[in-house]
Amino acid sequence: MATLLKPDPTFYPSPRLASEAPAETLGYMVTFDPTGKQPDALVTVDLDPKSKTFTKAVHTLAMPNVGDELHHFGWNACSSALCPYAPHPHIERRYLLVPGLRSSRIYVIDTKPDPRAPKVVKTIEPEEIASRAGYSRPHTIHCGPDGIYVSALGNADGDAPGGIFVLDHDTFAVKGRWELDRGPQRLAYDFWWHLGYDTLISSEWGTPKMVEDGVNGEILLAGGYGHQLHIWDLPRRRHRQALDLGKEQQMVLELRPAHDPTKAYGFVGVVTSLADLSASVWVWHQEGGAWKVEKVIEIPAEPAPAEQLPEILKPFGAVPPLVTDINLSLDDHWLYVSAWGTGEIKRYDVSDPFKPRETGSVRLGGIVGRAALNGSGDLSGGPQMVEVSRDGKRVYLTNSLYRSWDEQFYPDGIKSWLVKLDAGEDGSLKADSDFFVEFEQRTHQVHLEGGDASSDSYCYP
Amino acid sequence: MTQALWPWAAFALLGAYHGINPGMGWLFAVARGLQQQTRRAVLTSLLPIAAGHEASIVAAVLAVAFTEHVVPPHTVRLLAALTLVGFGVYTLARPRRHPRGSGMRVGAAGLAWWSFLMASAHGAGLMLAPVLLGMPVADQYSDLRSLTGTAFAAAGIHVVTMLAVMALVSVLVYEKLGLGFLRRSWFNLDLAWSGALLLSGTVTLVTA
């Protein structure tokens, strides 16, 4: 791999400096074929308002296989390459690592020389991940200071434990399982870290067998999906503490630690509460050496007539908000919360993380609401994956969750879209009615050229 | 006297070079200062970093001195040349090797150990070999003790210069410059260093 003479220009020592980065001109988005017959794709979307092809999908890269179910993805290298204890600033941010959540393959996709038309240059096969790390169903990718970290939902048989494995950031070889001592951790989903505190946080969804055929009512009502956070010693690779949110808090998903490495707190979304179908956001934080967690946002379920509800919700007579993704702006000031069930994205001022204040909201789609965007007609799906630009001014949204779960909550099918919202400095949130892109396949995570609010981590405040 | 001065100047210059390289320590000191929000943390990080670096240099220099004592000068030069070239090729082929298991919250001992590993992986001490070999050590000193003395003095002058440069750069960056300039000015010193290893290895080989 090439070595640069100066640091990659997209690396920033601190989130503050990164927020001054130029606006993105391209976005990468994964899409998947819900029938599993056509190859999934990485779509390049033109995000440059000065361009003639603005808002258009300018390139579609089909994967070499079918049935991958592309989901989340990440970069080979990012601003953490500037960290002082393992500096390698002359590596390029160049390759996207794109896992198939169902197939367990990971594609290495080169975004150079033509960033609009990336190419698959390597495929990491499930057998290599299974034999070298003992895992399958790779999910979250984070470029770490000393390698590429990948979380996996389960072991090679689709059972617990899920966990984290590491890829070499030059050769992409699977280096092995990350955990030396996993303590009581069995379930896995997302992970991220506080580099300034040598601490990794991981969250819990369910094993592949618990999620791949759809949400399982029996497991759910028994509180069997994940309801804990795990705190790890990052350099020593050891479990330190489990934080239980309570068994009724089902599916603890996306983790958004403060970007500022001197701050020891972060936000996590919970999909649903068995008590009242509400969704919530919690803050974990360090207090006198120990980590604690507390609920700071609760979003109630919305009553609805049974005939408007899909089978799975008829007995409850309500639409659960289903918080499935959240995102934190680089200045740690604004939190965006997707309620995929009710079809709403909410914006909170979290400058005091313990007292979030809702400042804006936009309704799009929703199980019952089907809220439209100016002239779009009824929208299906709801705000799901949310990505925030480095300057914090633009928010991108897509509307599919996970194939088998899409069918349960949106049985009429999902017509996928990508929407842009404008985030005002006053806390407002407005959908850009000129930015509405529809896709044949289902859309999932979006990442922005050069980095965004969920792609990079920093060692300096 | 002038004849004996140039090796010491070379040790000092190499020390200054390591002092200015962000990957060798000053950046870590600044990061700790920023994390703990006190200049004290910058300053107290410098000594352990210098100590680890010194240990690595001493080990390399002692190895050269001892080898020089027991094998003929020609063979020592050949060995040193091959090691330098080998290290140059290795650092070119795997440019991003770094010690694992470190983090932002290491204590003084952890910092020294990190610096020792970083300097060793970098081949920092190796570079002193050709200079040492250029000094007529074997002719002047017949016993191991004086050899060791020279080795320590060489490593000492290297590390004192390094420490002085590190202190200057890290305080300047912490207090005045900030880290933004890193984006433009962090030249690929590792690439230059690989080149220097190859060059000095070749020169040593040719003059062996």
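Go through the range A:24-35 and give me each residue that's touching a helix residue (DSSP H, G or I) at 6+ places or on another chain (Cβ under 8 Å) and not in a strand (DSSP E or B). First the steps, then the outcome.
Taking the range A:24-35 and keeping what is touching a helix residue (DSSP H, G or I) at 6+ places or on another chain (Cβ under 8 Å), we get A:32, A:34.
A:Pro34 - this is the single residue of the range A:24-35 that is touching a helix residue (DSSP H, G or I) at 6+ places or on another chain (Cβ under 8 Å) and not in a strand (DSSP E or B).
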Among the residues of the range B:8-51, which ones are crowded, with 23+ Cβ neighbours inside 10 Å and among the charged types (D, E, K, R)?
B:Arg32
Under 9 Å between Cβ atoms, at least 6 apart or on separate chains: pull out the pairs that start in the range A:161-181 with a residue that is of a type in the set (S, T, N, Q) and end on any residue that is assigned to a loop (DSSP other than H, G, I, E, B).
A:Thr171/A:Met1
Residue list for the range B:176-208, restricted to those being in a loop (DSSP other than H, G, I, E, B) and either within 14 Å of A:Thr3 (Cα to Cα) or within 12 Å of another protein chain (Cβ to nearest Cβ) (or both)
B:Gly178, B:Leu179, B:Gly180, B:Phe181, B:Trp186, B:Phe187, B:Asn188
Would you be able to tell me the number of residues in the range A:121-152 that are within 14 Å of chain B (Cβ to nearest Cβ) and either among the small types (Gly, Ala, Ser) or part of a strand (DSSP E or B) (or both)?
5
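Okay, residues lined up against (1) of a type outside the set (A, V, I, L, M); (2) under 27 Å from A:Leu421 (Cβ atoms):
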residue: A:Asp233; (1), (2): yes, no
residue: A:Leu243; (1), (2): no, no
residue: A:Gly246; (1), (2): yes, no
residue: A:Ser278; (1), (2): yes, yes
residue: A:Asn327; (1), (2): yes, yes
Which listed residue, of A:Pro145, A:Pro138, is modelled with pLDDT of 95 or more and touching a Leu at 6+ places or on another chain (Cβ under 9 Å):
A:Pro138
Can you tell me how many residues in the range B:16-42 are under 13 Å from B:Leu111 (Cα atoms) and more than 10 Å from chain A (Cβ to nearest Cβ)?
2
Yes or no: the range A:172-180 includes at least one residue that is loosely packed, with under 15 Cβ neighbours inside 10 Å, away from chain B (no Cβ under 14 Å) and not in a loop (DSSP other than H, G, I, E, B).
no
Based on this model, can you work out whether A:Ile124 counts as within 28 Å of A:Ala57 (Cα to Cα), β-branched (Val, Ile, Thr) and surrounded by 20 or more Cβ atoms within 10 Å (Cβ to Cβ)?
yes
Take the conditions within 14 Å of chain A (Cβ to nearest Cβ) and in contact with a helix residue (DSSP H, G or I) (Cβ under 9 Å, 6 or more places away or on another chain) and apply them to B:Ile57. Does it pass?
no
Give the residues of the range B:74-96 that are among the basic types (Lys, Arg), within 14 Å of chain A (Cβ to nearest Cβ) and surrounded by 15 or more Cβ atoms within 10 Å (Cβ to Cβ), sorted by residue number.
B:Arg96
By residue number, the members of the range A:3-23 that are within 22 Å of the chain's Cα centre (by Cα) and assigned to a loop (DSSP other than H, G, I, E, B) are A:Thr10, A:Phe11, A:Tyr12, A:Ser14, A:Ser19, A:Ala21, A:Ala23
Identify the single condition in (1) touching a Gly at 6+ places or on another chain (Cβ under 6 Å); (2) at pLDDT 90 or above that B:Phe87 does not satisfy, given that it satisfies every other one.
(2)
Among residues belonging to the range B:132-145 that are over 15 Å from B:Leu82 (Cα atoms) and either part of a helix (DSSP H, G or I) or touching a His at 6+ places or on another chain (Cβ under 7 Å) (or both), point out the one that is modelled with the highest pLDDT.
B:Leu132
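Yes/no per residue for (1) acidic (Asp, Glu); (2) in contact with a Gly (Cβ under 8 Å, 6 or more places away or on another chain):
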{"residue": "A:Ala21", "(1), (2)": "no, yes"}
{"residue": "A:Glu24", "(1), (2)": "yes, yes"}
{"residue": "A:Val43", "(1), (2)": "no, no"}
{"residue": "A:Phe54", "(1), (2)": "no, no"}
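Restricting attention to the range A:339-366, and to residues there that are hydroxyl-bearing (Ser, Thr, Tyr) and within 25 Å of A:His259 (Cβ to Cβ), which single residue is surrounded by the most Cβ atoms within 10 Å (Cβ to Cβ)?
Residue satisfying both the conditions and the ranking: A:Tyr348.
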Note: among A:Pro321, A:Pro303, just one is away from every other protein chain (no Cβ under 14 Å) and buried (at least 22 other Cβ atoms within 10 Å of the Cβ), namely A:Pro321
Selection from the range A:414-461 of residues that are in contact with a helix residue (DSSP H, G or I) (Cβ under 6 Å, 6 or more places away or on another chain) and either farther than 23 Å from A:Phe73 by Cα or polar (S, T, N, Q) (or both):
A:Ser457, A:Tyr460, A:Pro461
Of those in the range A:1-20 that are surrounded by fewer than 19 Cβ atoms within 10 Å (Cβ to Cβ) and aliphatic (A, V, I, L, M), the residue nearest to the other protein chains (Cβ to nearest Cβ) is A:Leu5
For the range A:73-100, name all the residues that are buried (at least 24 other Cβ atoms within 10 Å of the Cβ), away from chain B (no Cβ under 13 Å) and either part of a loop (DSSP other than H, G, I, E, B) or more than 20 Å from the chain's Cα centre (by Cα) (or both).
A:Phe73, A:Cys78
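State whether one or more residues within the range A:55-62 are in a loop (DSSP other than H, G, I, E, B), more than 10 Å from chain B (Cβ to nearest Cβ) and either in contact (Cβ under 8 Å) with a residue 24 or more places away in the chain or under 30 Å from B:Phe28 (Cβ atoms) (or both).
Yes, because at least one residue in the range A:55-62 is in a loop (DSSP other than H, G, I, E, B), more than 10 Å from chain B (Cβ to nearest Cβ) and either in contact (Cβ under 8 Å) with a residue 24 or more places away in the chain or under 30 Å from B:Phe28 (Cβ atoms) (or both).
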Restricted to the range A:438-459 and to residues being of a type in the set (Ser, Thr, Tyr) and within 14 Å of another protein chain (Cβ to nearest Cβ), the residue nearest to A:Arg94 (Cα to Cα) is A:Ser457
Among strands (runs of 3 or more DSSP E) entirely within the range A:367-461, at least 1 residues that are surrounded by fewer than 20 Cβ atoms within 10 Å (Cβ to Cβ) occur in A:416-423, A:429-439
In the range B:93-104, the residues that are hydrophobic (A, V, I, L, M, F, W, C) and at pLDDT 85 or above
B:Met104
Could you list all residues from the range A:154-166 that are away from chain B (no Cβ under 13 Å) and either part of a loop (DSSP other than H, G, I, E, B) or closer than 28 Å to A:Pro261 by Cβ (or both)?
A:Ala156, A:Asp157, A:Gly158, A:Asp159, A:Ala160, A:Pro161, A:Gly162, A:Gly163, A:Ile164, A:Phe165
Taking only the range B:10-22 into account, find how many residues are out of contact with any His (no Cβ under 8 Å at 6 or more places or on another chain) and either under 25 Å from B:Trp113 (Cβ atoms) or modelled with pLDDT under 90 (or both).
7
Meets criteria (assigned to a strand (DSSP E or B) and either surrounded by 24 or more Cβ atoms within 10 Å (Cβ to Cβ) or over 20 Å from the mean Cα position of the chain (by Cα) (or both)) for A:Lys209
no
Would you be able to tell me the number of residues in the range A:315-349 that are part of a loop (DSSP other than H, G, I, E, B) and of a type outside the set (D, E, K, R)?
11
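The values are calculated or read from the model by the stated rules, or taken from the named source; none is laboratory data. The shown structure was predicted, so the numbers you read here are calculated from the model rather than taken from an experiment. Every residue, glycine among them, receives a Cβ derived from its backbone with ideal geometry; neighbour counts consider all protein chains shown.
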